[in-house]
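The values are calculated or read from the model by the stated rules, or taken from the named source; none is laboratory data. Since this is a predicted model, take the numbers as computed values, not measurements. All Cβ positions, even for glycine, are placed from backbone atoms using ideal geometry, and neighbour counts span all protein chains on display. Just the protein is used for accessible areas: all its heavy atoms, side chains included, with ligands, DNA and RNA removed. Shrake-Rupley method; radii C 1.70, N 1.55, O 1.52, S 1.80 Å.
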Amino acid sequence: MGTLREAAMPIFKPDVETMERKELQELQIERLQIVVNQAYANVDFYRRKFDEAGLSPDDVKSLEDLGKIPFTTRKDLMDNYPYGMFAVPLRDVVRLQFPLGMHGNPIVIGYTREDLKIWRELVARILVGIGITEHDIVQVAFNYGLFMGAIRFSQSAELIGAAVVPSSIAPADIQIRIMQDFRSTVLASAPSFALHIMETVQKKGLDPKSLSLKTGLFGAEPWPETVRQALEENLRIQAYDIYGVMELIEPGVSGECPARKGLHIFEDHFLPEIIDPPTGKVLSEGQEGELVLTTLTTSAYPLLRYRTSDVTALHSEPCACGRTLRRMDRVLRRTDQMISVRGINVFPEKITEVLSGIPNAGPGYALKARTNYGMNDQLTVQVETATAILEGRKEQKAAFQEALQLSFRRALGLRVDVELKERSAISGQP
Ligand SMILES: [Zn+2]
């Protein structure tokens, strides 16, 4: 992949994606002032936060003033469930999205028609940027029921005229059959699922060259460079990373360009900062810390300085693709205990919550993840269990184990294995 090809890739919105930084900053401050005023006027939570900090929306005059605004955390979103964070009346909301697996109160995100239109275009920027056109056939192998990005990929690919095959979570051999029969050129999926498809191709002894795949678009879980190499070599594709935040939009915050030296953040819609997690101090460019995002154009669910828990760094050196939007490093770490298993987020707190509702189970537990290419692909929950169950009848024990499995599946949206352990076998909390 040389510079020529990079330069030849089209840009969906060149007026903003290659905007002079000064001009972009002017657009950002203009939008920031609007979103701050709307949040203050329409969201009690923000009005309270501003008042407590002795801050008025008029005090936000420059991008430097952003630092005066208090952070928003996931706990704030949970505490204001369901509609406390909404800045528009429900009649203006056309989509409600409900990420599974959250602990405590769930959260619900609302989108207006305009929010969805913007989101569709942001993902289209990523698709166009890596050379996807109306000639492509995009196989979307994301879970349409649980992962809000699945619909987004479909609608954004349709927006640019590509054909979409929503193969969702069909088993790997059906995914491969679809690839063969429909000549899919693009695979969009969780990278762990792509690995599973790749291994099935190998098991079947299929020559990857006999497939028409050329591009892979992967996200929703951290994936190391080794996974990229394996997928590229064995599926004969170029693999790109995409990034989103489930409490905001996922994907659509940033994406790789053909240069693949970080993910360009759509800074005309999101204002990124990197902070030191314990102190909240804003770090300078290139320093690694927690990504904080402020939405600049979201109507229904504006977030001011939202702490994403994702660890990355920002870079603004010129990129070979010509975009002036800053880049973030690929996210491989979190500041919290959340782990990703096959693209599904698991908060340990959620495990505790499930166990607290089941007599004779817990409170102690341990999580064991089986990995493939360094990525979690199967989770086992070892659960402290009352002696009465462990030493009881075999059928009773099996039924108990099954009930636990079902509870986890319902709460997490993920099938896990459950092992019953004696109370002394698991020391303390994991
Ligand atoms: Zn670039």
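Please report, in whole Å, how far the alpha carbons of the range 61-124 spread along each principal axis, starting with the longest.
33, 33, 24
Can you name the helices of the chain, as whole DSSP H runs, whose Cα span along the helix axis is 30 Å or more and whose Kyte-Doolittle mean is not below -1.0?
21-42
With the cut-off at 1.5 for a/c, could you classify the range 332-430 from its C-alpha gyration tensor as rounded, prolate or oblate? If you can, show how the numbers build up before the last one.
Values: a/c = 1.97, a/b = 1.75, b/c = 1.13.
Since a/c reaches 1.5 and a/b is larger than b/c, the shape of the range 332-430 is classed as prolate.
Whenever you get a sec, compute what percent of the accessible area on the chain sits on carbon and sulfur atoms (1.4 Å probe).
50 percent
So, in Å, what gap is there between the alpha-carbon centers of the range 179-194 and the range 201-230?
8 Å
Going by a 4.7 Å Cβ-Cβ cut-off, which cysteines of the chain have no partner at all?
Isolated Cys, the chain: C319.
What ranking do 160-172, 293-305 get when scored by the average of other Cβ atoms within 10 Å per residue, highest first? All intermediate terms of the calculation are to be shown ahead of the outcome.
On the way: 160-172: 17.3, 293-305: 22.8.
So the order, starting with the most tightly packed, is 293-305, 160-172.
With the cut-off at 1.5 for a/c, could you classify the range 85-195 from its C-alpha gyration tensor as rounded, prolate or oblate?
In terms of gyration-tensor shape, oblate.
Between D44 and E199, what is the label-to-label distance in nm when each label sits 7 Å out along the Cα-to-Cβ direction?
Reported label-point gap for D44 and E199 is 5.0 nm.
Just check the range 1-131 against the gyration tensor rule for me: Cα atoms, a ≥ b ≥ c as the square roots of the eigenvalues, rounded for a/c under 1.5, and otherwise prolate or oblate depending on whether a/b exceeds b/c.
oblate
Per 0.36 nm of contour for each residue apart, how much would the distance between N360 and F98 grow if the chain were fully extended, relative to their Cα-Cα spacing?
91.3 nm
If you take the Cα Rg of the range 353-396 and divide it by 2.2 N^0.38 Å, with N the number of residues, what do you get?
Numbers: Rg = 13.6 Å, N = 44, 2.2 N^0.38 = 9.3 Å.
Computed over Cα atoms of the range 353-396, the ratio equals 1.47.
List the extent of the Cα atoms of the chain along each of their three principal axes, largest first, rounded to whole Å.
72, 61, 42
Pick out, from L325, L355, Q337, the residue whose Cα sits farthest towards the positive end of the charge dipole of the range 317-358, with +1 on the Cβ of Lys and Arg and -1 on the Cβ of Asp and Glu.
Checked the options; the winner is L325.
Of the residues E26, E158, E52, which exhibits the maximal mean-square fluctuation in a Gaussian network model of the chain defined by a 10 Å Cα contact cut-off?
Result: E52 has the largest fluctuation of those listed.
Using the heavy atoms of the protein chains and a 1.4 angstrom probe, tell me the accessible area per residue for the chain in square angstrom.
Details: 18590 Å² over 430 residues.
So the chain comes to 43 Å² accessible per residue, rounded to a whole number.
To the nearest Å, what is the center-to-center distance of the range 114-134 and the range 140-172, using C-alpha atoms only?
13 Å
Given G149, T18, Q33, which one lies farthest toward the positive end of the charge dipole of the chain, if we put +1 on the Cβ of every Lys and Arg and -1 on the Cβ of every Asp and Glu?
Going by the Cα projections, it comes out as G149.
Compute the separation of the alpha-carbon centres of the range 34-100 and the range 335-394 and state it in Å as a whole number.
Taking the Cα centre of each part, the range 34-100 and the range 335-394 sit 34 Å apart.
So which GluC sites (Glu not before Pro) in the range 364-430 pass both tests, a DSSP loop state and at most 11 other Cβ atoms within 10 Å of the Cβ?
E391
Take the Cβ-Cβ distance between D15 and V282 as r, set R0 to 45 Å, and report the resulting FRET efficiency rounded to the nearest 0.05.
After rounding, the FRET efficiency stands at 0.95.
Taking the Cα centre of the chain as origin and charging only Cβ (+1 Lys, Arg; -1 Asp, Glu), how large is the dipole, in debye to the nearest 20? Don't skip to the end; give the middle numbers.
Details: 50 positive and 56 negative charges, 222 e Å.
Rounded to the nearest 20 debye, it is 1060 debye.
Can you find, among Q175, A399, A239, the residue sitting farthest towards the positive end of the charge dipole of the chain, where Lys and Arg contribute +1 and Asp and Glu -1 at Cβ?
So the residue furthest toward the plus end is A399.
What nm distance separates the two modelled labels at E353 and R415, each placed 7 Å from Cα along Cα→Cβ?
Between E353 and R415, the label points sit 2.4 nm apart.
Indicate, rounded to the nearest 5 percent, the antiparallel portion of the DSSP beta bridges found entirely in the chain.
Taking every DSSP beta bridge with both residues in the chain, the antiparallel ones total about 65 percent.
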